[in-house]
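Accompanying notes for the structure given below.
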Amino acid sequence: MERTFAMIKPDGVRRNLTAEILGRLIRKGYRVVGLKQMVIPRELAEQHYAEHKERPFFGELVDFITSGPVVAIALEGENVISGLRTLMGATNPKDAAPGTFRGDYATSIGENVIHGSANEHDAARELGLFFSDAELLK
Ligand code: DAT
């Protein structure tokens, strides 16, 4: 059993995709073990995306992710880390398969509806950034 960090980005919340995305994740069989809607403080956004600090789009990325409420989700299930990435689709919506969240809903490479941890190391790091132990189901 694995845990991962998913986040409905501000464009997803703004476009009323929260119920659709949560519904699909739950129907897939994943268990929501932590859930909160929040506006991400700038410092947390910079920590979350620290690996992109030197990239030219970093400022834009932090501006976007702090531009409105997000839904932070701790998700549990068998192979959920790669399973969530499959459901998300490719980063660039031009490459994202139909039926994936990004293939169906993303409007640009920056505004791509959903985040999901890339691997086990990032999942643990990101769950720790967004949730305290007390906020997660056992
Ligand atoms: P993913 O979100 O698929 O894990 P990533 O970790 O490479 O992709 O990048 C994180 C986010 O940064 C991505 O969801 C959108 C933004 N991003 C990535 N590449 C970009 C680019 N070339 N221009 C603008 N934003 C970009």
> Which one of Asn79, Gly99, Ile65 has its Cα pushed farthest toward the positive end of the charge dipole of the range 2-132, where Lys and Arg give +1 and Asp and Glu give -1 at the Cβ?
Replying inline: Gly99
>> Please compute, over every Cα-Cα pair in the chain, the percentage with a separation greater than 23 angstrom.
In response: 27 percent
>> What does the net charge come to around Glu78 if you take all other residues with beta carbon closer than 13 Å to its beta carbon, with K and R at +1 and D and E at -1?
In response: +1
> What percent do you get for the relative contact order of the chain when only Cα pairs under 8 Å and 6+ apart count?
Replying inline: 37 percent
> Looking at the chain, how many pairs of lysines come closer than 21 Å at the Cα, when each pair is eight or more places apart or spans two chains?
Replying inline: 7
> In a shell of Cβ-Cβ distance under 9 Å around Phe64, excluding Phe64 itself, what net charge do Lys and Arg (+1) and Asp and Glu (-1) give?
Replying inline: -3
> Given a cut-off of under 8 Å on Cα pairs at least six residues apart, what relative contact order in percent is computed for the range 1-81?
Replying inline: 60 percent
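Read the figures in this text as sums done on the coordinates, not as results from a lab. None of the values given here were measured: they were computed from a predicted structure. When we count neighbours, we look across all protein chains shown, and the Cβ atoms used for this are built from the backbone with ideal geometry, even at glycine.
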